[in-house]
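> My questions all concern the structure below.
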Ligand code: ACO
C-alpha cells in the first residue's frame with residue numbers, strides 16, 4: 001500500500017501522507033493542503049471527510065459492525081449494563097468491581113439538582129417539546145455549577161462528568177413528569193442507575209415504587225444501543241462546541257438540539273407518528289411505500305436508511321428481537337408492531353429500497369418499546385439523549401485530552417463580488 005497520495009493541480013504535484021486506522025481505514029491527511037497549494041476541499045455533509053482520529057467507537061457500515069472500545073454491540077447489549085458501558089466509553093476500559101462501585105458512588109453523591117432549577121422548568125408551558133426543555137435545563141445547569149466549565153485538570157474533568165451523569169436523568173424525569181402533571185421527584189440512592197431512572201420517571205405520588213424487571217432490562221438495553229455512534233450529527237456538534245472550550249454542559253445542550261431533528265434522533269418520534277398515521281388511515285402499507293418512492297412526494301419512510309449503514313444496522317437486529325420479547329412479556333398486542341413488520345418486509349423486497357441500500361435503522365423499533373413502557377411519544381428522543389449521554393461525554397473528553405484545535409471549517413464563497421454601497425434614499 002502506498003503511504004502517500006498526490007494531488008495534481010495546475011501542473012504542480014502535492015504529496016500528502018495517507019494514515020491508517022487500527023481497522024485499516026485509510027485517510028489522506030490534507031492538513032497541509034491549503035498551506036502548500038492555496039486550495040481547500042469541499043464536502044457538504046462530510047460524506048468523505050473525517051473530522052478527527054478517535055479511539056472510542058468503530059463501525060463498518062458495509063458489514064454492519066458496531067463496537068465500543070473494541071467490544072461488539074451484541075456482547076455489550078447482552079452481557080453488560082448501561083453504567084459499565086458508560087464507564088467503558090468514557091475511560092476506555094471495562095471497570096472492575098471497585099472502579100464501578102466508586103463510579104456509582106461518585107455519581108450518587110451528585111444526584112441532587114438545585115431546587116431553583118424547578119422554577120426554570122415551571123416557566124415552560126406543558127405543551128413545550130421535551131427536547132427543547134431538556135436542552136435549556138442542561139444549559140441552565142452551568143449557572144448552578146460554574147466550576148464545571150473549568151476542566152483544566154483531569155480531576156476537574158472527572159467531577160464535571162460524574163455531575164452530569166448524576167443530574168441529567170433527574171432533568172429527563174422532571175421533563176416527563178411536568179408534561180404528565182406529576183410531582184417532581186428525586187431518585188433513590190439505593191437503586192441501580194437505570195432502575196433509579198425508571199423510578200424517577202414512573203413513581204406515582206400515592207403508590208409505593210414497584211420494580212419492573214422487564215421494563216428496566218429493556219430500558220438498559222436501549223440505552224446501551226444508543227450510547228455512542230462515532231461522529232454523527234449530535235456528537236460532531238458536541239465536539240465542535242466543546243472545541244471552543246465552552247464547557248461540557250453547554251456542549252451537551254447543543255448536542256441535544258442537534259439530536260432533536262427528525263433526520264437524526266427525532267426519527268424515533270417520527271417513526272411512531274408515521275406508524276400511527278398509517279394505522280388510522282386503514283393500515284395500507286403499500287400506499288405509504290408508494291409515497292416513499294414518489295420523488296414528488298416529500299414523504300420518507302421514517303426509520304429507514306442510514307448515512308453510514310448501507311447493509312444493515314446491527315442495533316436494529318437486537319432491538320427488533322427485544323421489541324418482540326418486551327411486548328410478549330408484558331402481554332401487549334400492538335397493531336403498530338404488525339404495521340412495522342409489514343413495512344419492513346415490503347421494503348426489504350422492494351427494488352427502490354434494495355437499490356439504495358435502505359434498511360431499518362435503530363429507531364424503527366425503539367419507539368415501539370418506549371410506547372410499551374408507557375413513555376409519551378415526544379419523550380422518545382429524550383430517551384435517545386439519555387442513552388447518548390456517555391458517548392457525547394466520551395467524545396468531548398477525548399477531544400479535550402487530545403487538545404484538538406477549535407473546529408472551524410472553510411467555505412467557498414459564491415456570493416456577490418465587491419459592490420459600491422448605495423445610500424437608502426437611492427435604493
Ligand atoms: N425513504 C425513502 N427514500 C429514502 C429514504 C427513506 N427513508 N432514505 C433515503 N432515501 C432515498 C433518497 O431519496 C435518495 O434517493 P435518490 O438517490 O433517488 O435521490 C437515496 O435514498 C439516498 O438518500 P440520502 O438522503 O442521500 O441519504 P443520506 O445518507 O444523506 O441520508 C438519512 C440518510 C438522513 C438517514 C435518510 O435515509 C433519511 O432521511 N431517513 C429517514 C429518517 C431516519 O430514519 N433517520 C434516522 C437516522 S438513524 C439515527 O439518527 C439514529
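What follows draws every value from the coordinates through simple rules; no lab data is involved. All of these numbers come straight from a predicted model, not from anything done at the bench. FYI the Cβ positions are ideal-geometry reconstructions off the backbone, even for glycines, and counts take in every protein chain you see.
> Quickly work out the residue 207-to-residue 357 label distance, labels modelled 7 Å from Cα along the C-beta direction, and quote it in nm with one decimal.
Computed distance between label sites residue 357 and residue 207 equals 4.7 nm.
> Hey, another quick one. Specify the inter-centroid distance of the stretch 190-242 and the stretch 374-399, based on alpha-carbon positions, in whole Å.
Each part reduced to its Cα centre gives a spacing of 8 Å.
> Something else about it: Mind jotting down the distance between the C-alpha centroids of the stretch 148-170 and the stretch 302-351, whole Å?
One Cα centre to the other: 36 Å.
> I've got another one for you. How high is the relative contact order of the stretch 39-141, in percent, with contacts defined as C-alpha pairs under 8 Å that are six or more residues apart? If you can, show how the numbers build up before the last one.
Values: 51 pairs, mean separation 13.1, N = 103.
Relative contact order for the stretch 39-141 comes out at 13 percent.
> Could you list 131, 157 in order of exposure, starting from the residue whose Cβ has the fewest other Cβ atoms within 10 Å?
157, 131
> Order the peptides 267-274, 73-80 from the highest to the lowest mean number of other Cβ atoms within 10 Å of their residues.
267-274, 73-80
> Report D for the chain in µm² per second (integer): Stokes-Einstein, Kirkwood Rh on Cα pairs, 37 °C, 0.692 mPa s.
140
> While we're looking at this one, here's another question. Can you tell me which of 304, 353, 249 moves the most in a GNM of the chain? Springs connect C-alpha atoms under 10 Å apart.
353
> Continuing with the same structure: Looking at the stretch 276-401, I'd like the Rg to Rh ratio, where Rg is from alpha-carbon atoms and Rh is Kirkwood's inverse mean 1/r.
With Rh from the inverse mean 1/r over Cα pairs, Rg/Rh is 1.01.
> How high is the FRET efficiency from residue 330 to residue 377, r the C-beta distance, R0 22 Å, rounded to 0.05?
0.80
> Further question: Checking the a/c ratio against 1.5 first, then a/b against b/c, what shape does the Cα gyration tensor give for the stretch 107-193?
Here the stretch 107-193 falls in the oblate category.
> Please compute the length gained on full extension between residue 34 and residue 295, using 0.36 nm multiplied by the number of residues separating them and subtracting their Cα-Cα distance. Write out the running numbers ahead of the final one.
Values: separation 261, 0.36 × 261 = 93.96 nm, distance 3.89 nm.
Roughly 90.1 nm would be gained on extension.
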